[in-house]
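The values are calculated or read from the model by the stated rules, or taken from the named source; none is laboratory data. What you are looking at is a predicted structure, and each value in this text was computed from that prediction instead of being measured. Counting neighbours? That spans all protein chains shown, and the Cβs are built from the backbone with ideal geometry, glycine included. Only protein heavy atoms, including side chains, enter the accessible area calculation; ligands, DNA and RNA are left aside. Shrake-Rupley method; radii C 1.70, N 1.55, O 1.52, S 1.80 Å.
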Amino acid sequence: MECRQILLCLALYVVCTLSKPTEKKDRVHHDPQLSDKVHNDGENFDYDHDAFLGAEDAKTFDQLTPEESKERLGKIVNKIDEDKDGFVTAEELKNWIKFSQKRWIYEDVDRQWKGHDLNEDGLISWEEYKNATYGYILDDPDPEDGFNYKQMMTRDERRFKLADKDGNLIATKEEFTAFLHPEEYDYMKDIVVLETMEDIDKNGDGFIDLEEYIGDMYSHEGDPQEPEWVKSEREQFVEFRDKNKDGKMDKEETKDWILPSDYDHAEAEAKHLVYESDQDKDGKLTKEEVVNKYDLFVGSQATDFGEALVRHDEF
């Protein structure tokens, strides 16, 4: 069975057999944190390291000497400079931070790409995706496991067509990424809202009422006593979700709920790094300015004090 279907079956199994009445389903899409460390440059630059490199790569840089850190940082600067004009702007830096922040998405796309680009032409057609994902189901349109794969395939086709900007039913890598992770693309956000509403709107009236909202995240299962968080969610629905106070959420209200306009941490961090590193105050960074502040971008106390030298042979 293809990887995506295995994961879907496992997810269905978990929901059906392991979920507890007190577990809360969170449908809100938030950007992952840049770092779980406190942002205090007066003490250390750990937050900046995680934000700039991603937490895992930041750990790798902790093992490098200052010379190695500077060399690798110079190579990274070349990647950040998108227009190759020799300068790094706050916008380019923001894009890099967002890439580091969401690297797991691109890794997921790379994994799935290999399983769906069947003719290895660097593109994925809808037929390729359908055959790789639903091929065995098409041979058996009434699977005994009770899961409606045909309906799921129709939903996937609708999303695939929306992600496919030029309408040729052939996805580039970027379009395939939009298909797999629509919440990351502005032009795909309406489909995220639509699919969410279809999941929750049990009476099919095109809205989400209070009981549908609560029912999506909590099941009484014979227990009349609701946990405190459920009572809180009821209050949230009445006070904040249902903005026009008509007792239900429409498309825009649902969008405000699941796709909130969060503070842009990547943009704020990019501006901070530019401010701290811009020696000539021209609003952009040269490679030299970045490398001169390597301790802010990629350095660590360990490298500063030479403690990583004893582990140098490992790399």
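Output the relative contact order of the range 18-124, whole-number percent, from Cα pairs under 8 angstrom with separation of 6+ residues. Once normalised by length, the contact order is 20 percent. Grouping the Cα pair distances of the range 132-283 into 5 Å bins from zero gives a pair-distance distribution of 1, 8, 12, 12, 13, 14, 13, 10, 8, 4, 3, 1, 1, 0 percent in increasing distance order.
Using the beta-carbon distance between Gln279 and Glu43 and R0 = 25 Å, what value does 1/(1 + (r/R0)^6) give for FRET efficiency, to the nearest 0.05?
On the way: r = 23 Å, r/R0 = 0.93.
With R0 = 25 Å, the Cβ-Cβ based efficiency is 0.60.
Karplus-based coupling profile of the range 120-126, in residue order and whole Hz: 6, 9, x, 9, 10, 7, 4, with θ = phi - 60° in 6.51 cos²θ - 1.76 cosθ + 1.60 and x standing for Gly or Pro. Averaged per residue, the range 160-277 has 53 square angstrom of accessible surface, using a 1.4 angstrom probe with ligands and nucleic acids left out. Placing dummy labels 7 Å off each Cα toward the beta-carbon, the span from Gln236 to Asp186 is 2.7 nm. Here's how it looks for Met249: its modeled amide H is under 5 Å from those of Ile208, Asp209, which are all 5 or more places away or on a different chain.
Accessible surface comparison of Asp166, Asp57, probe 1.4 Å, protein chains only, largest first: the order is Asp166, Asp57.
In the structure shown, do any of Lys150/Lys255; Lys98/Lys255; Lys79/Lys150; Lys173/Lys243; Lys114/Lys161; Lys79/Lys255 have a Cα-Cα gap over 31 Å, and if so which? Beyond 31 Å between Cα atoms: Lys79/Lys150; Lys173/Lys243; Lys79/Lys255.
With distances taken between every two different alpha-carbon atoms, the range 45-150 has a Kirkwood hydrodynamic radius of 17.5 Å.
If you average the sequence gap of Cα pairs under 8 Å that are 6 or more apart and divide by the length of the range 76-224, what percent do you get for the contact order? Walk me through the numbers on the way to the answer.
On the way: 98 pairs, mean separation 21.2, N = 149.
About 14 percent, as a whole number.
Distant-in-sequence amide contacts of Ala171, defined by a placed amide H-H separation under 5 Å and a gap of 5 or more residues or a different chain, comprise Ile124, Ser125, Trp126.
Projecting the Cα atoms of Tyr218, Trp229, Tyr263 onto the charge dipole of the range 213-288, computed from C-beta unit charges around the Cα centre, puts Tyr263 farthest toward the positive end. Look at the alpha carbon pairs under 8 Å that are at least 6 residues apart: their mean separation over the length of the range 147-215 gives a relative contact order of 17 percent. Figure legend: label point modelled 7 angstrom from the Cα of Glu211 along Cα→Cβ; residues of the range 218-254 with amide N under 16 Å from it are 218-224, 234, 247-249.
The phi-based Karplus calculation (6.51 cos²θ - 1.76 cosθ + 1.60; θ = phi - 60°) puts the 3J(HN,Hα) values of the range 55-67 at 4, 5, 5, 4, 5, 5, 5, 4, 8, 9, 6, x, 5 Hz, whole numbers, x for Gly and Pro.
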